[in-house]
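Since every read-out is calculated from the coordinates, none of them should be taken as a lab result. Computed from a prediction, not measured in an experiment: that's the story for all the values here. Neighbour counts are summed over all protein chains in view; Cβ atoms, including those assigned to glycine, are modelled from backbone coordinates with ideal geometry.
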Amino acid sequence: MRSDTTLLRQAGLPVTDLAPVIAEEPCPILFATVSGAHLYGFPSRDSDVDLRGVHVLPAEDLVGLREPEETRSRMWDHDGTEMDLVTHDLRKFVRLMLKPNGYVLEQLLSPLVVHTTALHAELTALAPAVVTRNHAHHYRGFAGTQWRLFERTGELKPLLYTFRALLTGIHLMRSGTLVAHLPTLLNEVAAPDYLPALIEAKATAEHGAANEVDGPAVARDVEALHTVLHETQASSRLAEAPSGFDDLHDLVVRARLGESVPS
């Protein structure tokens, strides 16, 4: 099932009709969405397009002797833009959902939908049950990794990824709602006032340097947001552990047996 391409165009996707790509996949695709810089709200003119989703392996692939292809990856060039599609088998994806893994939730809940099904809608409806206060660890760790990358490279991209991760984590701890779009987060969470200028600067080049950044001041701001994330995690009303296991199990079984997964 194709989705409305309006949001894809607004996000700056160089191509919005990706139905032919989905049709080439060997297994049914439960959903495919856009992740990465286009989802986060700071793509560059030369940004790659990251497509993420879920495929559904046939039951015989899981009960036979061959190792199941639980993760599939394709890369190709579209008029000079590098594009890639990575999908997990539904069972693997749901197991990742049941861990404090914000990345898979961002893929599932991305508003930039390339392909969807009825089971995608069901899975999305079950997502709030797996959100816990421990998701703060994911965003804290991701921010730390990106900050170290920024320290090595001096590029805008990992710096914006650092702020995006921290603000997403803070917002999630406070509201229970996952927002991955940095410009939207700037209206929801107190953040340094120079971030809109950094977003604008990154639009010109994917690996542009953060030449105008005051390093010590930015480091203090990042540390301050880490403190806010720690405090919001401590005071969050989110559950300590995910729920909804039985409903998710039932969905995986129904999908594996071929119910409601149109190609």
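List the relative contact order of the chain as a percent without decimals, with contacts defined as Cα pairs under 8 Å and 6+ residues apart. Display every interim value, and only then the final one.
On the way: 414 pairs, mean separation 65.3, N = 263.
So the answer I get is 25 percent.
Take the Cα pairs of region 114-263, get the Kirkwood Rh, then feed it into Stokes-Einstein at 37 °C and 0.692 mPa s and tell me D in µm²/s.
Details: Rh = 17.3 Å.
Answer from the Stokes-Einstein relation: 190 µm²/s.
Among rounded, prolate and oblate, which fits region 1-58 when a ≥ b ≥ c are the square roots of the eigenvalues of its C-alpha gyration tensor, a/c under 1.5 means rounded, and a/b larger than b/c means prolate?
Working: a/c = 2.33, a/b = 1.87, b/c = 1.24.
Verdict is prolate for region 1-58.
Determine ³J(HN,Hα), in whole Hz, for all residues of region 21-29 in sequence, where each value follows from phi through the Karplus function 6.51 cos²θ - 1.76 cosθ + 1.60 and θ = phi - 60°; x replaces Gly and Pro.
3J(HN,Hα) across region 21-29, in whole Hz: 5, 5, 5, 7, 5, x, 10, x, 9.
Name the long-range amide H neighbours of H115: under 5 Å, sequence gap of 5 or more, or other chain; modelled H, no Pro or chain starts.
Residues meeting the amide H criterion: A32.
What do you get when you divide the Cα radius of gyration of region 12-94 by 2.2 N^0.38 Å, with N the number of residues?
Working: Rg = 14.2 Å, N = 83, 2.2 N^0.38 = 11.8 Å.
Cα-based Rg divided by the globular estimate yields 1.21.
So, with +1 on the Cβ of K and R and -1 on the Cβ of D and E, and no other charges, what is the size of the charge dipole of the chain about its Cα centre, to the nearest 20 debye?
On the way: 23 positive and 35 negative charges, 123 e Å.
With Lys and Arg at +1 and Asp and Glu at -1, about 580 debye.
For region 112-128, what does the Karplus curve 6.51 cos²θ - 1.76 cosθ + 1.60, with θ = phi - 60°, yield as ³J(HN,Hα) per residue in whole Hz, taken in order and with x for Gly and Pro?
Karplus-based 3J(HN,Hα) across region 112-128 equals 8, 9, 9, 8, 9, 9, 4, 6, 4, 4, 4, 5, 4, 5, 8, 4, x Hz.
Most fluctuating residue of R164, R148, R66 in a GNM of the chain with Cα springs under 10 Å: which is it?
Looking only at R164, R148, R66, the biggest GNM fluctuation is shown by R66.
Report, in debye and to the nearest 20, how large the dipole of region 130-198 comes out about its Cα centre when Lys and Arg carry +1 and Asp and Glu carry -1 on their Cβ. Let's see the in-between values first.
Values: 7 positive and 4 negative charges, 48 e Å.
So the dipole magnitude of region 130-198 works out to roughly 240 debye.
Given a Förster radius of 35 Å and the C-beta distance between K99 and T204 as r, what FRET efficiency does 1/(1 + (r/R0)^6) yield to the nearest 0.05?
Working: r = 37 Å, r/R0 = 1.06.
After rounding, the FRET efficiency stands at 0.40.
Only Cα pairs within less than 10 Å get springs; with that Gaussian network setup on the chain, which residue of P242, P216, P128 has the largest fluctuation?
Between P242, P216, P128, it is P216 that shows the largest mean-square fluctuation.
Taking Rh as the Kirkwood radius computed over C-alpha pairs, what is the Stokes-Einstein D of the chain at 4 °C in a medium of viscosity 1.567 mPa s, expressed in µm² per second? Could the numbers behind the result be given before it?
Numbers: Rh = 19.3 Å.
Reported coefficient: 67 µm²/s.
For region 68-82, what does the Karplus curve 6.51 cos²θ - 1.76 cosθ + 1.60, with θ = phi - 60°, yield as ³J(HN,Hα) per residue in whole Hz, taken in order and with x for Gly and Pro?
So the J values, rounded to whole Hz, are x, 8, 6, 10, 10, 9, 9, 10, 7, 10, 10, 6, x, 9, 6.
Quick one: check the C-alpha center-to-center distance for region 153-183 versus region 186-253, whole angstrom.
Here the answer is 2 Å between Cα centres.
Need the full-extension length gain, A197 to S243, defined as separation in residues times 0.36 nm minus the C-alpha distance. One decimal, nm. Provide the component values of the computation, followed by the final result.
Numbers: separation 46, 0.36 × 46 = 16.56 nm, distance 4.04 nm.
Length gained between A197 and S243: 12.5 nm.
Taking only DSSP H segments of four or more residues, each worth -39500 (n - 2.57), what value at 222 nm results for the chain once the sum is divided by all its residues, to the nearest 500 deg cm²/dmol?
Values: 13 runs with 129 residues, N = 263.
Only helices count here, giving -14500 deg cm²/dmol.
Tell me which of M97, L57, H230 sits at the most positive position along the dipole axis of the chain, charges placed on C-beta atoms (Lys, Arg +1; Asp, Glu -1).
H230
Can you give the FRET efficiency to the nearest 0.05 for D48 and E231, using r as the Cβ-Cβ distance and R₀ = 35 Å? If you can, show how the numbers build up before the last one.
On the way: r = 35 Å, r/R0 = 1.00.
Rounded to the nearest 0.05, the efficiency is 0.50.
Could you compute the FRET efficiency for S175 and R254, with r as their C-beta to C-beta distance and R0 at 35 Å, rounded to 0.05? Can you show the working numbers first?
Details: r = 31 Å, r/R0 = 0.88.
Computed FRET efficiency for S175 and R254 comes out at 0.70.
Based on Cβ point charges of +1 for Lys and Arg and -1 for Asp and Glu, what charge dipole magnitude is obtained for region 167-252 about its Cα centre, in debye rounded to the nearest 20? Don't skip to the answer; put the middle values down first.
Numbers: 4 positive and 13 negative charges, 29 e Å.
Taking the Cα centre of region 167-252 as origin, the dipole is about 140 debye.
Gaussian network model of the chain, Cα springs within a sub-10 Å range: biggest mean-square fluctuation belongs to which of A59, A210, A136?
The residue with the greatest mean-square fluctuation here is A59.
Provide the gained length on full extension for the span T153 to N211, in nm with one decimal, where the gain is 0.36 nm per separating residue minus the Cα-Cα distance.
Working: separation 58, 0.36 × 58 = 20.88 nm, distance 1.13 nm.
That works out to 19.8 nm of additional length.
What net charge do the residues around G176 carry, taking every other residue with its C-beta under 12 Å from that of G176, with Lys and Arg at +1 and Asp and Glu at -1? Write out the running numbers ahead of the final one.
On the way: positive: R133, R174, R237; negative: none.
Net of charged neighbours comes to +3.
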